[in-house]
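To start, the structure itself, in C-alpha cells.
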Amino acid sequence: MAHLLLIFIGIIAGIVTGITGASSVMVVVPLLSILLNFSIHQAIGTSLVVDVVAPLFISFTYFKKGHIKIKESLMVLLGTVLFAPIGSYFSDMIPERGLGSSFGGFMVILAIMIFRTGAKQKIGEENKSMLPPFLQNPIVKASACFILAGASGFMTGFMGAGGGTNLLLILILFCGFSLHNALGSSIFMMALTASAGVAGHLYHGNVNIENGIIVAVVATIAGTISAKKMSNLDERILSYFMSGVYAILGIMMVLLNMFYN
C-alpha cells in the first residue's frame, strides 16, 4: 500500500513540475506527511531528493528546445544555490509543529500569488518594461536577483518549498524571460538548489533515500510527459487549478498541525 501511495505522489509531483515549473516539494511534503505519516522534517528532506532527480530530466525537454538560459541568469543561480544549505541548517532547529504550520501557511500565500499572477504572462512574451527605471541598471538588477534568489534558496532549504515558483517569478520580472525560458531555466536551477538543500538535511538524518527515489522516478516520467504537453494548456485555467490545489493542501497542513500532539 505504501508503494502505491508513493507512486501516486510521484505522478502528482511530476505533473506539477512539468506543467507549471513549481517545486514538486509543494505537493510531496504535505502528501508524505498526510498519507504516510512522515515527520515534517523527514518529509522535507525526502522531497528534496525528488527535486534533484525529476527536474534534471524534465529540464532536458526544455534544453532541447533552447529554453534554458543559465548565462543570462547566473546571479539568480548563484544566490539560490549558496543559500539553500543555510536554510536547511536552520530548518532542523524549528519544532515539528511550528515548521508544519509555517509550510502550510506558505502554501496558502503561494496559492494566492499564483491565482493573482499566474495567468498574466503569455507564452513568448518578453517583459523588458515591467521593472521600475532604477532596477533597469545592470548592477542594481544583478544585486536584486542575487538577494531575491538567495531568499528563495534559503526558503527551499528551510521548508523545501517555493524554489521553482519563486525563481520563475524572478526570471520573468527581473531577467525579462519569456514563460518558456523561465520555466526551463527555473526547473534546471531547482535541481541544483535542491542538491544543496539535500546535503544539509542528510547531515541531520532527515532523508529517506529509498522512498525519495521511488517518488522521483515516477515524477520524472510524469513530469517529462507533462512538460511536452504544457503548450496545449490554457494558462488561466491552469493557474486557477494549481492555486486551488496549493490552498487546499496548505490549509490541511495548518489544521493538522493545530491539533498535532
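Values in this text are rule-based calculations from the coordinates and carry no lab data. Everything numeric in this text was worked out from a predicted model, so none of it was measured. For neighbour counting, all protein chains shown are included, and Cβ atoms are generated from backbone atoms with ideal geometry for every residue, glycine included.
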Least to most buried among LYS228, LYS141 (fewest other Cβ within 10 Å first): LYS228, LYS141
Taking the beta-carbon count within 10 Å as an exposure proxy, list HIS3, HIS67 from fewest neighbours to most. HIS3, HIS67
Apply the Karplus curve 6.51 cos²θ - 1.76 cosθ + 1.60, θ = phi - 60°, to the phi angles in segment 61-69 and return the couplings in whole Hz, x for Gly and Pro. 4, 6, 4, 4, 9, x, 9, 10, 10
Karplus ³J(HN,Hα) for segment 28-44 (6.51 cos²θ - 1.76 cosθ + 1.60, θ = phi - 60°; Hz, whole; x = Gly/Pro) runs 5, 4, x, 6, 4, 6, 7, 8, 10, 6, 5, 5, 5, 5, 5, 5, 5
Along its three principal axes, how long is segment 1-88 when you only count alpha carbons? Whole Å, largest extent first please. 44, 31, 16
Packing-based exposure ordering (other Cβ within 10 Å, fewest first) of MET155, MET189: MET155, MET189
